[in-house]
Amino acid sequence: MESELHSIGELARASGLGVGTLRYYDGAEVLAPAWVDPQTGYRWYRPGQLADARLLARLRRVGLPLPTIRAVLGAAPGSGEARRVLDAHLRRLEDGLADARRELSLIHAMIDQREQPMTTTPAELRLTVPAEGLAAALDAVRFAVAGDPEQPSIAGVLFEPDGPVLRLVATDRYRMAFAEVPADCAASVDGPTAGTIVPTALVDALRALLGAGAAEVALTLGGGLVRAELGEHRVEGAALDFDYPDHRAVTRLEPEHRITLSAAELRAAVETGATRTLPSGPGGADCAVTLLTLAGDGRLAVTDDPAPEGYLLAVNRDFLLDALDAGRTPAAAGPGQLLLELGGPIAPLAVRTPGRSGTFSVLMPIRLPESA
């Protein structure tokens with residue numbers, strides 16, 4: 001019998017697997033020998049098992065986990081199951097590579113921030129901004145402010161002077177909204193400052209004041225205080241004394257797809273489309289999740305298939321509708337168009353308005369269960 005079989009040493013040399021590795025895969029019931037000498041315990045393999053051993057060596061090199069290796073080697077010939085298993089593993093590798101690239105991009109951004117930190121806000125910084133522009137900016141970000149009392153550092157809007165503009169930022173960690181308004185600064189501001197966090201109540205009071213009819217708003221930021229003056233009207237209050245989450249890395253993500261589409265059509269598709277319920281809302285609460293798929297011709301659609309061929313992105317349905325409302329295009333910028341930027345199934349979704357480059361929303365994706 002031994003003359004018709006390969007010894008474990010011969011199989012190891014021919015396949016590139018070590019003898020110890022072959023013993024391990026025998027114990028794991030992945031590649032069992034054809035015969036084991038009852039006296040010596042020495043393992044012998046059929047000539048046909050050499051092909052399985054060489055395949056096993058390749059599967060190991062691409063990081064296939066043990067259950068998946070077992071599924072590939074145990075798949076019935078002609079069933080296509082082995083290819084399906086390998087395709088699923090390839091998608092996981094591609095997702096992991098995309099994650100790694102994004103993390104490295106963020107790491108580079110963090111290193112840049114260490115080497116080129118944001119400048120400190122002066123003790124008092126005075127800005128003049130158009131009232132209508134500030135109202136539009138507040139409307140574009142207010143929906144993303146955190147309402148959780150356990151997250152006081154984001155219970156407001158960040159006012160960040162940056163050269164000729166005032167940038168507004170709001171987030172609840174599940175989404176982030178940005179808006180910019182032209183600003184005339186009394187002092188020289190070279191680059192973005194650390195900014196001032198204006199608490200939610202003061203933000204709402206300021207927004208109500210913007211209907212008073214004055215064309216410009218005088219803002220005073222710094223020293224722990226916020227003051228806004230429109231003609232004879234004024235609101236003021238204390239700023240939040242926290243470090244705001246870094247937002248610059250989010251704005252530097254490079255999308256893989258850019259799609260321009262009708263805001264009304266997308267809203268209708270989201271409102272009438274199928275959803276899934278997943279525990280992915282604030283605090284882990286259940287939320288309705290919309291699945292977006294990208295067709296081969298570049299069209300974006302709402303799908304009810306949790307595992308379609310190609311691109312799939314899952315987002316909180318209510319958050320997406322909020323972002324669509326916040327991104328409504330002014331009449332001067334076009335007839336209700338939106339620009340969606342997609343970086344992959346596990347990358348944030350950016351919702352932009354053409355003609356308003358500094359005003360957009362970013363939604364964090366939701367991971368679907370593996371069973372999906």
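Side notes on the structure shown:
- Two-site label geometry, residue 201 and residue 68: point separation in nm, points 7 Å out along Cα→Cβ: 5.3 nm
- The range 125-238 gives an Rg/Rh value of 0.94, both radii derived from C-alpha positions and Rh following Kirkwood.
- In sequence order, calculated HN-Hα J values of the range 71-80 (Karplus, 6.51, -1.76, 1.60; Hz; x Gly/Pro): 5, 5, 5, x, 5, 5, x, x, 7, x
- Scattering curve values for the range 2-74, log₁₀ I(q)/I(0), Debye with Cα scatterers, q = 0.20, 0.22, 0.23, 0.28 Å⁻¹: -0.78, -0.94, -1.02, -1.45
- The range 223-245 and the range 12-63: distance between their alpha carbon centers, rounded to Å: 71 Å
- Backbone phi angles across the range 22-36, fed through the Karplus curve with coefficients 6.51, -1.76 and 1.60 (θ = phi - 60°), yield HN-Hα couplings of 4, 4, 4, 6, 5, x, 7, 6, 9, 9, 8, x, 6, 8, 10 Hz in residue order; Gly and Pro are listed as x.
- Were the residues from residue 305 through residue 241 laid out at 0.36 nm apart, the gain over their Cα-Cα distance would be 18.5 nm.
- Distance (nanometres) between label positions extended 7 Å along Cα→Cβ at residue 150 and residue 173: 0.9 nm
- Full extension of the chain between residue 36 and residue 232 gives 61.0 nm of extra length, using 0.36 nm per residue less the Cα-Cα distance.
- Ranked 197, 366, criterion: other C-beta atoms within 10 Å, fewest first: 366, 197
Where a number appears in this text, it was derived from the coordinates with a stated rule and is not lab data. Only a predicted model underlies this, so the values are computations on that prediction, with no experimental measurement involved. Every residue, glycine among them, receives a Cβ derived from its backbone with ideal geometry; neighbour counts consider all protein chains shown.
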